[in-house]
Amino acid sequence: MTKSSVRNKPYSCFSDGFLYLGGALLAFLLVWSVWSYTVPHGFEPNIGTKSAANGAQARQCVQENPSVNLGYDAPDQTFYDDQELSYSIEKPMKNWDEKRKEWLKHHPSFAPGARDRVVLVTGSQPKPCKNPIGDHLLLRFFKNKVDYCRIHGYDIFYNNVLLHPKMSSYWAKLPVVKAAMLAHPEAEWIWWVDSDAMFTDMEYKLPLRRYDYRNHNLVVHGWEKMIYKEKSWTALNAGVFLIRNCQWSMDFIEKWSGMGPVSSEYRRWGQIQRSVFKDKLFPESDDQSGLIYMLYEDRSLMDQIYLEGEYYFEGYWADIVPTYDNITERYTELEKEDGKLRRRHAEKVSEQYGVFREPHLKQAGNGKGSWRRPFITHFTGCQPCSGDHNQMYHGETCWNGMVKALNFADNQVLRKYGFVHPDLLDSSTVTETPFDYPDDGPW
């Protein structure tokens, strides 16, 4: 019995130690499982300076725009703290260049890239459309603008209220543009685009350096000859314009709006415009005739206003819509010839493919007769919301033209998502694009 007792003692100690370690391990696993359920998923333990730095660097890679701090507003006083500040079209803004510069000084993260920063502004009436399909069309027009802005990194503001009760119809844009300038001191340009205008070249980007070259402050589509020789009220189109966010523009908008309903001389301005522009069809003063009249009366304004005629800054829909089929065929041929153009890619890098395409378009021309995609197609006279279109063409021509244009543009967007409309007049049907489209398959 004595020998047996001595022989079993080491075995007994080993067994006790094993049980102790097993219990400790079980307790650790229990604590770990509870901890893993209770600690937030974003928590990262401190595993060394080098590893932490690598993790921080990885997180920076997926930030949208790490240089702009959207979560910070400086405590310093800016023009926004001035009780006299007014966004009204009737209250002039003074020293805007200095105030904007001061704001950027207090918000330094917005300073890099400010020169190229654009805010697109558009809008429609406060009430539902009278035309049964009007609201649907306006929604699609707006989607088109959102698509373009997303691709090119522009902000967009859609307004559907009158910011001044008297400034309605075509005059409603000026109060909105002024308010947008004040709301966006970080932006160099405010870009007004009418609700019935759409982008039909989703790759093309504004050539801003062209307008910086001689410090132009306003860009519109127009022709100098039609202003000074033909004296036509269609010498330019005020439905799309790009205006620099500066004091000159503030003063110009004040003078321009002085021809509108907010002025006591509104009726007289209509008479003056008709006396100069014999082809003007209606007696009321309008924004387009007002702009042309200011240029006609003061030719020195040409130093500040750029009449863009080298590409379709906006183009007349009746001339453009019939060309879409031919343009589609020509672009398809380009992609069949150059595999780089048809390569699948992320939507975020679409601008690069626009650059790739440019050398192929040198012979395409611009404007009427060109097979280059028109930048903006403008459905002037169609009135999609009211339906009271110009009587020179049938309403169905307008609506069908809009559907074709919208799908022509939408195909350029949907392509990045793997689909296209095979028929530009059929908005409901899409087909999936195979790999190496359009080279692969009978198209």
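The values are calculated or read from the model by the stated rules, or taken from the named source; none is laboratory data. If you're wondering where the values come from, they're calculated on a predicted model, not measured in any experiment. When we count neighbours, we look across all protein chains shown, and the Cβ atoms used for this are built from the backbone with ideal geometry, even at glycine. Note: areas computed on protein heavy atoms with side chains; ligands, DNA, RNA excluded. Shrake-Rupley method; radii C 1.70, N 1.55, O 1.52, S 1.80 Å.
Taking a ≥ b ≥ c as the square roots of the eigenvalues of the alpha-carbon gyration tensor, the stretch 307-436 is classed oblate because a/c is 1.5 or more while a/b is no larger than b/c. For the stretch 313-326, putting each phi into the Karplus relation 6.51 cos²θ - 1.76 cosθ + 1.60 with θ = phi - 60° gives couplings of 4, 7, x, 6, 4, 5, 7, 8, 3, x, 8, 4, 5, 5 Hz, in residue order, rounded to whole numbers and with x for Gly and Pro. Less than 5 angstrom separates the built amide H of ASN237 from those of HIS221, all sequence-distant by 5 or more or on a different chain.
Using a probe of 1.4 angstrom, how much of the accessible area of the stretch 87-442 is carbon and sulfur, in percent?
In the stretch 87-442, the share of accessible area belonging to carbon and sulfur is 52 percent.
So if I place +1 on the C-beta of Lys and Arg and -1 on the C-beta of Asp and Glu, and nothing else carries charge, what would the dipole magnitude of the stretch 87-442 be about its Cα centre? I want it in debye, nearest 20. The calculated dipole for the stretch 87-442 is roughly 900 debye.
Of all lysines in the structure, the ones whose alpha carbon falls short of 21 Å from that of LYS229, not counting any fewer than 8 places away in one chain, are LYS278, LYS280. Ranking GLY418, HIS216, VAL119 by Cα position along the charge dipole of the stretch 87-442, where only Lys, Arg, Asp and Glu carry charges on their C-beta atoms, puts HIS216 farthest toward the positive end. Think of the stretch 87-442 as having a plus end and a minus end, set by charges on the Cβ of Lys, Arg, Asp and Glu; of THR234, PRO434, GLN288, GLN288 sits farthest toward the positive end of this dipole. Once a ≥ b ≥ c are taken as the square roots of the eigenvalues of the Cα gyration tensor of the stretch 87-442, is the result rounded (a/c under 1.5), prolate (a/b larger than b/c) or oblate (a/b not larger than b/c)? Cα axes put the stretch 87-442 in the prolate bin. Given a Förster radius of 51 Å and the C-beta distance between LEU104 and LYS278 as r, what FRET efficiency does 1/(1 + (r/R0)^6) yield to the nearest 0.05? The computed FRET efficiency comes out at 0.65.
Which whole-angstrom value gives the distance between the alpha carbon centres of the stretch 94-173 and the stretch 383-439? Answer, in whole Å: 24.
Are there trypsin sites (Lys or Arg not before Pro) in the stretch 352-402 that DSSP marks as loop and that have at most 16 other Cβ atoms within 10 Å, and which are they? All intermediate terms of the calculation are to be shown ahead of the outcome.
Working: sites: ARG357, LYS362, LYS368, ARG372; in loops: LYS362, LYS368, ARG372.
Those that pass, being in a loop and sparsely packed, are LYS362, LYS368.
Listed by chain and number, the lysines whose alpha-carbon sits under 25 Å from that of LYS205, ignoring those within fewer than 8 places in the same chain, are LYS143, LYS145, LYS173, LYS178, LYS336, LYS340, LYS348, LYS362, LYS368, LYS404, LYS416.
In this structure the amide hydrogen of SER195, modeled in the peptide plane, comes within under 5 Å of the amide hydrogens of GLY123, none closer than 5 places in sequence on its chain. Under the shape rule built on the C-alpha gyration tensor, where the axes satisfy a ≥ b ≥ c, the stretch 90-245 is rounded, since a/c falls short of 1.5.
Accessible surface computed residue by residue for the stretch 74-119, with neighbouring protein chains in place and a 1.4 Å probe, gives 65 Å² per residue. Subtracting the Cα-Cα distance of ASP116 and GLU351 from their residue separation scaled by 0.36 nm leaves 83.1 nm. Can you check what the net charge comes to around TYR266, using other residues whose Cβ is under 13 Å from the Cβ of TYR266 (Lys, Arg +1; Asp, Glu -1)? In short, -1.
Taking all protein chains together and a probe of 1.4 Å, list ARG117, ARG274 from the most accessible to the least accessible.
ARG274, ARG117
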